[in-house]
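Contents: one structure, followed by commentary.
The values are calculated or read from the model by the stated rules, or taken from the named source; none is laboratory data. All figures in this text were calculated on a predicted structure; none of them were measured in a lab. Cβ sites come from the backbone with ideal geometry, for glycine too, and all protein chains shown count toward neighbours. Please note that ligands, DNA and RNA were not included when accessible areas were found on the heavy atoms of the full protein model with its side chains. Shrake-Rupley method; radii C 1.70, N 1.55, O 1.52, S 1.80 Å.
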Amino acid sequence: MSSETPTTPTAPTAPPAAESARVEREAVRSDEIADQGFLRMVRTTAGRDLGLVIALALLCLVGVVTGGDRFADIDNVMTILRLAAVIGVVSIGMTFVIAGGGIDLSVGAIVALSSVWCTALSTQVMATDSHWSVMALTAVLVGAGCGLVNGLLIAYGGVVPFIATLAMLASARGLAELISDRKTQIVDVPGFREAMSGDLLGVPVLVWIFAIVAALGWVLLNRTTFGRRTLAVGGNAEAARLAGISVKRHTMMLYVLLGACCGIAAIMLVSRTTTGSSTHGTLYELDAIAAVVIGGTLLSGGRGTIVGTVLGVLIFTVLSNIFTLNNLSFSAQSVVKGLIIVVAVLLQQRLARRTSP
Amino acid sequence: MSSETPTTPTAPTAPPAAESARVEREAVRSDEIADQGFLRMVRTTAGRDLGLVIALALLCLVGVVTGGDRFADIDNVMTILRLAAVIGVVSIGMTFVIAGGGIDLSVGAIVALSSVWCTALSTQVMATDSHWSVMALTAVLVGAGCGLVNGLLIAYGGVVPFIATLAMLASARGLAELISDRKTQIVDVPGFREAMSGDLLGVPVLVWIFAIVAALGWVLLNRTTFGRRTLAVGGNAEAARLAGISVKRHTMMLYVLLGACCGIAAIMLVSRTTTGSSTHGTLYELDAIAAVVIGGTLLSGGRGTIVGTVLGVLIFTVLSNIFTLNNLSFSAQSVVKGLIIVVAVLLQQRLARRTSP
Amino acid sequence: MTEQSGAQPQGAEPGELLRMRGIVKRFPGVLALSGVDLDVRAGEVHCLLGQNGAGKSTLIKVLSAAYQPEEGEIAWAGEPVRLATPVAAMRLGISTIYQELDLVPGLTVTENVFLGRELSRGGFTRTSEATGRVRDILRRLGHSEVDPSALVGDLSPAAQQIVSMARALSHDTRLLILDEPSAVLDQEEVRNLFRVIRDLTAEGVAIVYISHRLEEIREIGDRITVLKDGRTVATGLPAQDTPTAELIKLMTGRAIEYVFPPRPEGDRSAADPVLEVRELAGEGRFRDVTFDVRAGEIVGLAGLVGSGRSEILETVYGARRASAGTVSVAGRKLRKGSVRAAVAAGVGLAPEERKSQALLLDQAVYRNITVSSLGRFARGGFLDDSAERARAEELSGSLDVRPTGVERPVRTLSGGNQQKVVLARWLLRECKVLLLDEPTRGVDVGARSEIYKLIRRLADDGVAVVVVSSEVEEVLGLADRVLVVREGRVVHEGPATEIDESGVLDLVMEGEVA
Amino acid sequence: ACMPSNDPPEKDTGGGTSEAKAGSNDEKGDTVVIGFSAPAADHGWMAAITDAAEAEAEKYDDIDLRVAEGTNDVNLQISQVETFINEKVDAIVLLPFDGAAMTPVALKAMEAGIPVINVDREFDDPNAARATILGDNYGMGVSAGQYVCSEAGDNSDAVVAEIAGIDSLPLTQDRSKGFADALKKCGLKVNNRVAAEFTVESGEKVASNLLQAAPKIDFLWNHDDDQGVGVLAAIENAGRDEFTMIGGAGSRNAMDAIKSGDGVLKATVIYPSTQGADGIRTARLLVQQKAMSDLVENEVPRSIQLFAPVVTEENVDDYIDAAFAS
Ligand SMILES: Nc1ncnc2c1ncn2[C@@H]1O[C@H](COP(=O)(O)OP(=O)(O)OP(=O)(O)O)[C@@H](O)[C@H]1O
Ligand SMILES: Nc1ncnc2c1ncn2[C@@H]1O[C@H](COP(=O)(O)OP(=O)(O)OP(=O)(O)O)[C@@H](O)[C@H]1O
Ligand SMILES: [Mg+2]
Ligand SMILES: [Mg+2]
């Protein structure tokens, strides 16, 4: 699966620090061996994410300087995290799809459809009769179902992901409008708001959910065969096929996974807004993809980083928080946001190049 | 930009109709030789675009059946073409960028910025003093300028196209809002409306512009060194570089080209609405990319088709015309649109597979 | 043991592991295999010979179930089997090292070795255990210097080949298929490979070995099957003592002299150098590289894999930035780090990895040939398509690119034919200086001698040629002058006639003639 | 009342004559084909506009309504109107995404003899519409501002926050201007202003940030009750209740909240979502050459501007039944 971009310098670059001392061939090799393992991993990962950490730190600095206590305030931090939580969960799922060589434009629409479905009158009645978790389950199932359709179209139908999910974008939002009759559906299920909008150890439940999804995502990507295979499918689908991985099934599962994440995000959004609506999740696709790619996951697949994605999400959220704290005009915000995206990416690239092997 | 998909069956598939008769190898070869050249080209092109032509024909059939004379009416056809013209010009430019292995999310924002800039008071004063074409020139220059920034960031800055143009999306629209103070700017330049909104030989000027841009685009892509190099850069940037093509400069030029197309589209939109506004061109990026990809240009680069893009644009335009004629409910329209996208792509793939070598 | 092809007695012979009969594989427009038979016995090294495009790779892809054949039967240890998926083949104990490296660049060595069969407990990978096992396998392969946790994308092609090998050996293998494994290896590494192969055959593992280098087949092979145009034309030939002439005749259908073209008479040292390289250095990779190439001269660069030869060529070409030194063509200094400047000055490069560095795989043959000379077919930027095609047709005809037809996507050509397309590109360009990195890698004997002749003819026409090759014999036979590179330094320079193979090897290994 | 759907039910003091006249206006006439086009129904108010228009058309056997796909792309909306012109509909009810941008095509329709009824966002040429039905965006801001002033009394240090709608729309700018102008009269100003996108989610998002930016607020005006649902959720999440919130548009949810009286939402400023429906009726009257029954005038007036009253706990019952469900 092809090239990242025609322009990103793919040509091997000379190593940065030329040791002028002549080293024996074997000596170089044993050096490398000493370097390997944990230390090397830390170095590489730090290198890859260092730019993001610095960008985030700079942003926070700006926040503190301009916003003072209001920014550093614990309530404000929680506000930022709460805001990051919903799009964060979607972005974690998106990391898998992108690392696996795909893309999904329909996440926002799936969030909308899930939110509408799980707040539909019939669902609410069911939930009231039994338990509020019925709603959550509905949302996740609807999301996973949409993901399944995407996955089937892409993996077995051979439709390119961009188009398949574009179609899903239109259809799912349309369906959400049909179901909700374009009305905002208010949640009225006992126990739901209490359970979802409370705090746990001083941290909002939503933030916990995000943290758990991120942690699970990290383990799944880095410590399981599923994650390994995702990177293999994204990095070289033909090699993965020849290695006996059923690329189609795996690809399908990636979209189902992302769909389920959208379902989780939907229920989080429902608890935040106490409503389901066909307008929920507008433009999530761009936000999520931007966070994932800024985080360092390769858009061409084959490399993914959950830590980077989380940092990417936080950068965007902190950004809009700072803008609001400083009462900036919306238009100026846009301009600055564009600039910051570019600067963050350039910074990250320079640093990654410097530290990676 | 990235991979088509990890899952589109890239592995060679068995030919559809296994002729059971054993054919001599040499016989096969001489068959092929006879086949090549013009005839073969027609066959391949038709094969690639046949699905689209059929999809469009089916749509028109639906239009005629449901809309009757109202659909087949010459005025209605012109309405469709006029609607197609603006997004069509953008899509032609987008074809080059995508065939060259890139992507541009900022086209809508560039259209907005160009439209605002060329209708700004100072520009209008200048245009009134000299000639209305000053406005058109301004729009094209602003568009090309934005494209240049995109191109520089992508080609020389090494920022992935998705992110660079996402940043441009935010910045350009923000800037458009700042310039226009979020007010719609009305055009009041003598001669402008007359020149742009009239007809020529019964066909609206806007449609002529689209036709000319498409024709030039076709020639440029298929008959010039520029087009050939675009496909080379999109197909394998490293190979193109080692073959002596300056990939960076070429990539940059592709974005400038698209930017200029956005400028042209902006001036068309200005003539259609007699206004410039920061809200012009919303979501053009998705529409244009969808048209290009449905048309058969590979999202991973290396293959591009102007005819396909034009067909793709027409399919979407005819679709929304039919919707308007038939009074479909809003939401049902979205759902149907999604389904039609998928069907068109599946159809096109099946047919392309059958006829291509 | 010589059994010419034909009817075989039914039923398994003693020791017979694999029997393929009447395999037919069709690609759109090409009949790649039109009835191939193959028998392999346990414990033997069975060599597969054939010209470029004969169908060798296709056959073994059918065997490893990467492709499904249209017709034909496969019997494994006497039992008929149907290989529906690569996993089914793997389960039988068939391991394959493909001609095109089939690794995932973004994963580590360990991850690649166990891809698809990860060591895991409940879905969780057991990284350290896997790493340990990979380290053992690598040691057994004699390459303990390869770091199991390195990313495969960062490794040299030779090291990647070793990873593929480790992958094949990481599970119980009864039949190991090697498709041109030696193409990316130098002589020492080939020797190492042969040692591993002998160990395996001693354990009863069968090997299918594909190579265009006859001397290797003589050394390691037991029996030979020859393919020609998708058919088995001979099978069971003894590898050691079938005459070369007969093999070539079987493969090509004609007699070809497998010799290097004669060097022209006369002294060229009087001619002005066309290419002057002065104290060229690439950061950390090589330095102090100084040499001249005169018009009509062929200079060979010999050295171990990883000694920096490719980098020298790429730096001369401007594809990498030199940290010091200059390159001049016809007396004019080239702008640093600019391929365009080099191409404009008349330099051409046929890079080492043609798939990723040279070819537009999905585009037509003619477009690949003309991509560097588009200006020649254009007037005011407009291309004369038919002139382009005609010229490409002519060139591919003269290089005997098969199958014919310049509209065909390059992806569908066999490896050797793809190489010819790359050469055709620079022939068309009519360069002053031609840099060839492993020009005959994966090229069959017939085409090989044609390419040698071609290179010589170019030189005779006044082109300055630099050839990098891992085959010392090739460097010595083809070049007028030889540079021996060791760890990024030129350790020897002199006429090819004044040094022999063992001399070069000594230089390469020790840095001095023993 | 000529516009029953706009007026609070009790105020229907029209009496017998009105009834009779309205009755005659309601009589079935020649079938009127009306083309209707509005921006994308991407928020509750806009959805309500279209729904109300469709519902109104349903009531009359003699209306054949053609509803075009809602869109925020002026190019597409222009072509929809062009399609209506080609089809030679009897009238076009147009709620433009951008009034100025839709002016040329509206003029074209008028020139083709098709009356255009301009709803909510005004054209920049009076000749482009036969009749114009507008909400009062500036007046809405003024009403909200006056309410704040009256509640603030002498407190000239009151902290006022504003959550606007889509900032790039002229109507948002009008509302904000009206609000600022009214506040200025009593010496107040807007201390914190953010803009959302008329959706619940955006309301929640910007409100969360706003509440952090402003640790203490006295008055909060939110332009749109649909996004207000999200704003209220954010307020509840933040556990804030020290201020008075004023809504906008007048959704059912908002009215319910005002009626219950136990939340921060104490008032809302009406922005009628029945404008589309009024447009449909007006179009019908125009085509059937009837007049407005409560007016002496024999023709349908050129321009009708709807009133933007403030709804509070006291008068909420007058309005609650006419409120749109968002
Ligand atoms: N995916 C494909 N699509 C179409 N044709 C193909 C494809 N793969 C191989 N071929 C054709 O099948 C024939 C056999 O190719 P194959 O790669 O098996 O040759 P080979 O004997 O391995 O040659 P080489 O020595 O050059 O590697 C060639 O004519 C080639 O062009
Ligand atoms: N981009 C790169 N990053 C890191 N190491 C590299 C890179 N490119 C090459 N190397 C290493 O530099 C050394 C020299 O490589 P080079 O390819 O020039 O050798 P070579 O003599 O041409 O061998 P070969 O015959 O395999 O081409 C090798 O050890 C190789 O692994
Ligand atoms: Mg082969
Ligand atoms: Mg090399």
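Quick notes on this one:
- Yes/no for C:Arg117 being closer than 30 Å to A:Thr224 by Cα and part of a loop (DSSP other than H, G, I, E, B): yes
- The set of residues in segment B:81-140 that are of a type in the set (D, E, K, R) and over 20 Å from the mean Cα position of the chain (by Cα) contains only B:Asp129.
- Counting only helices (runs of 4 or more DSSP H) that fall entirely inside segment A:168-265 and contain at least 2 residues that are more than 14 Å from chain B (Cβ to nearest Cβ) and open to solvent by 30 Å² or more (accessible area, probe 1.4 Å), the qualifying elements are A:192-197, A:205-223.
- Single condition C:Glu314 does not satisfy, out of (1) at the interface with chain B (Cβ under 10 Å from one of its Cβ atoms); (2) touching a helix residue (DSSP H, G or I) at 6+ places or on another chain (Cβ under 8 Å): (2)
- Tally, over segment C:290-334, of residues that are open to solvent by 30 Å² or more (accessible area, probe 1.4 Å), more than 16 Å from ligand 4 (Cβ to nearest atom) and of a type in the set (Asp, Glu): 1
- Yes/no for A:Thr297 being in contact with a Ser or Thr (Cβ under 8 Å, 6 or more places away or on another chain), under 17 Å from A:Ala344 (Cα atoms) and buried (at least 24 other Cβ atoms within 10 Å of the Cβ): yes
- Among the residues making up segment C:21-41, those that are more than 16 Å from ligand 3 (Cβ to nearest atom) and of a type in the set (Gly, Ala, Ser) are C:Gly22, C:Gly29, C:Ser34, C:Gly35.
Conditions tested, residue by residue: (1) open to solvent by 10 Å² or more (accessible area, probe 1.4 Å); (2) away from ligand 1 (no atom under 12 Å from the Cβ); (3) in the same structural domain as C:Leu478 (by TED's automatic domain parsing).
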residue: C:Arg391; (1), (2), (3): yes, yes, no
residue: C:Glu394; (1), (2), (3): yes, yes, no
residue: C:Leu399; (1), (2), (3): yes, yes, no
residue: C:Thr404; (1), (2), (3): yes, no, no
residue: C:Val410; (1), (2), (3): no, no, no
residue: C:Ser414; (1), (2), (3): yes, no, no
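- Put simply, of A:Asp129, A:Asp104, A:Asp181 the only residue that is among the acidic types (Asp, Glu) and under 18 Å from A:Leu258 (Cβ atoms) is A:Asp104.
- A count restricted to segment C:269-280 and to residues that are open to solvent by 10 Å² or more (accessible area, probe 1.4 Å) and either within 25 Å of C:Ala358 (Cα to Cα) or of a type outside the set (Gly, Ala, Ser) (or both) stands at 6.
- Restricting segment D:65-120 to residues that are more than 9 Å from every other protein chain (Cβ to nearest Cβ), crowded, with 24+ Cβ neighbours inside 10 Å and not hydrophobic (A, V, I, L, M, F, W, C), the residue that is farthest from D:Ser273 (Cα to Cα): D:Gln77
- C:Gly477 being small (Gly, Ala, Ser), under 15 Å from C:Phe260 (Cα atoms) and open to solvent by 10 Å² or more (accessible area, probe 1.4 Å): yes
- Qualifying residue in segment C:121-141 (condition: assigned to a loop (DSSP other than H, G, I, E, B), open to solvent by less than 60 Å² (accessible area, probe 1.4 Å) and within 15 Å of ligand 2 (Cβ to nearest atom)): no
Yes or no, residue by residue, for (1) farther than 19 Å from B:Asn76 by Cβ; (2) at pLDDT 90 or above:
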position: D:Glu69; (1), (2): no, no
position: D:Asn75; (1), (2): no, no
position: D:Phe97; (1), (2): yes, no
position: D:Glu111; (1), (2): no, yes
position: D:Pro115; (1), (2): yes, yes
position: D:Asp120; (1), (2): yes, no
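- Of the criteria (1) without any contact (Cβ under 8 Å) to a residue 60 or more places away in the chain; (2) within 19 Å of A:Ala237 (Cβ to Cβ); (3) among the hydrophobic types (A, V, I, L, M, F, W, C); (4) within 16 Å of ligand 2 (Cβ to nearest atom), which one C:Val109 fails: (2)
- Among the residues of segment C:158-204, those that are in contact (Cβ under 8 Å) with a residue 40 or more places away in the chain, within 14 Å of chain A (Cβ to nearest Cβ), under 25 Å from C:Leu107 (Cα atoms) and more than 16 Å from ligand 3 (Cβ to nearest atom) comprise C:Ala158, C:Gln160, C:Val163, C:Ala166, C:Arg167, C:Ala168, C:Ser170, C:His171, C:Glu189.
- Helices (runs of 4 or more DSSP H) wholly inside segment B:58-149 containing at least 1 residues that are free of Cβ contacts under 8 Å to residues at least 60 places away in the same chain and open to solvent by 30 Å² or more (accessible area, probe 1.4 Å): B:69-72, B:74-99, B:121-129
- Residues of segment C:430-450 that are away from ligand 3 (no atom under 16 Å from the Cβ) and at pLDDT 85 or above: C:Cys431, C:Lys432, C:Val433, C:Leu434, C:Leu435, C:Leu436, C:Asp437, C:Pro439.
- Verdict on C:Val421 being modelled with pLDDT of 85 or more, among the aliphatic types (A, V, I, L, M), open to solvent by less than 10 Å² (accessible area, probe 1.4 Å) and within 13 Å of ligand 1 (Cβ to nearest atom): yes
- Qualifying residue in segment D:128-147 (condition: within 14 Å of chain B (Cβ to nearest Cβ) and out of contact with any helix residue (DSSP H, G or I) (no Cβ under 6 Å at 6 or more places or on another chain)): no
- Residue match in segment C:347-360 (condition: open to solvent by 30 Å² or more (accessible area, probe 1.4 Å) and away from ligand 2 (no atom under 16 Å from the Cβ)): no
- Figure legend. Inter-residue proximity from segment A:279-300: first residues part of a loop (DSSP other than H, G, I, E, B), second residues surrounded by fewer than 24 Cβ atoms within 10 Å (Cβ to Cβ) and at pLDDT 90 or above, beta-carbon distance below 8 Å, spacing 6+ or different chains. Indicated pairs: A:Gly296/A:Thr305; A:Thr297/A:Thr305.
- In segment C:344-370, the residues that are touching a residue at least 60 places away in the same chain (Cβ under 8 Å) and within 8 Å of another protein chain (Cβ to nearest Cβ): C:Leu349, C:Pro351, C:Ala358, C:Leu359
- Residue selected from segment C:31-40 under the condition surrounded by fewer than 23 Cβ atoms within 10 Å (Cβ to Cβ) and within 13 Å of chain B (Cβ to nearest Cβ), by the criterion nearest to ligand 1 (Cβ to nearest atom): C:Ser34
- Residue within segment D:182-203 that is of a type in the set (Asp, Glu), on the phi < 0 side of the Ramachandran plot and not in a helix (DSSP H, G or I) present: yes
- A single entry from D:Val311, D:Val231, D:Val300 fulfils the requirement of being open to solvent by less than 20 Å² (accessible area, probe 1.4 Å) and in a loop (DSSP other than H, G, I, E, B): D:Val300.
- Against the numbered list (1) away from ligand 1 (no atom under 16 Å from the Cβ); (2) at pLDDT below 90, C:Val184 comes up short only at (1).
- Considering A:Glu19, A:Glu26, the condition of being more than 14 Å from chain B (Cβ to nearest Cβ), at pLDDT below 50, in a helix (DSSP H, G or I) and loosely packed, with under 15 Cβ neighbours inside 10 Å is satisfied by A:Glu26 alone.
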